[in-house]
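Accompanying notes for the structure given below.
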Amino acid sequence: MSGPAGPTGATGQIGPTGATGPEGATGPTRPTGPTGPTGPTGPTGGLNHVVTRDTLVNMSGGTYTGDSFCNPGETAIGGSANIIPDGTGTVLTSRPDGDTFGDSPDNGSSFVGWRGVDTGTGLLVVHVFCAS
């Protein structure tokens, strides 16, 4: 006959981690979800069209200044000064017209037109390009 069982022994150390198994197959593709609602229409863009506003000054010797301005609601985006016919005068100044350049009567106003200063004879043509 045998004697009573002895006490349980201590737990042994954890063994090493086994190798990673192979990657499983890709699952099936799910159906596409429904299309979302159309978003609201965005605001109207700026600068939809550009017009040229002109000032003409008849020159007969001496120095002449011409200013051409955009209408209210338009934005001045550029300009030029020309003499017709070519060679009958000299363009002294062709620049934006606005408070930054000291040409505007309203302090604090921005670029609102174009100024041309010429000397000679012929026709001074001052263009300002206005966008709205």
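The values are calculated or read from the model by the stated rules, or taken from the named source; none is laboratory data. Because the structure is predicted, anything quoted here is derived from the model rather than measured. With ideal geometry, Cβ positions are generated from the backbone for all residues, glycine too; neighbour counts draw on all protein chains shown. Just the protein is used for accessible areas: all its heavy atoms, side chains included, with ligands, DNA and RNA removed. Shrake-Rupley method; radii C 1.70, N 1.55, O 1.52, S 1.80 Å.
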Notebook entry, point to check: Quick one: would you say G9 is of a type in the set (G, A, S) and either loosely packed, with under 10 Cβ neighbours inside 10 Å or in a loop (DSSP other than H, G, I, E, B) (or both)?
Noted result: yes
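Considering the range 110-126 alone, what residues qualify as being open to solvent by less than 40 Å² (accessible area, probe 1.4 Å) and under 16 Å from R53 (Cα atoms)?
Of all residues in the range 110-126, those open to solvent by less than 40 Å² (accessible area, probe 1.4 Å) come to 113-114, 116-118, 120, 122, 124-126.
If the condition is that a residue be open to solvent by less than 40 Å² (accessible area, probe 1.4 Å) and under 16 Å from R53 (Cα atoms), then G113, W114, G116, L124, V125, V126 are the ones that fit.
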Notebook entry, point to check: If you take the residues in the range 34-91 that are acidic (D, E) and not in a strand (DSSP E or B), which one is least open to solvent (accessible area, probe 1.4 Å)?
Noted result: E74
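Please find, within the range 106-124, the residue that is modelled with the highest pLDDT out of those that are polar (S, T, N, Q) and under 32 Å from the mean Cα position of the chain (by Cα).
Of all residues in the range 106-124, those polar (S, T, N, Q) come to 107, 109-110, 119, 121.
Then drop every residue that is not under 32 Å from the mean Cα position of the chain (by Cα), which leaves 107, 109-110.
Values: N107: 51, S109: 57, S110: 67.
Looking at residues that are polar (S, T, N, Q) and under 32 Å from the mean Cα position of the chain (by Cα), I get S110.
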Notebook entry, point to check: Which residue pairs have Cβ atoms under 7 Å apart, sit 6 or more places apart or on different chains, and have a first residue in the range 10-21 that is of a type in the set (A, V, I, L, M, F, W, C) and a second that is open to solvent by 60 Å² or more (accessible area, probe 1.4 Å)?
Noted result: none
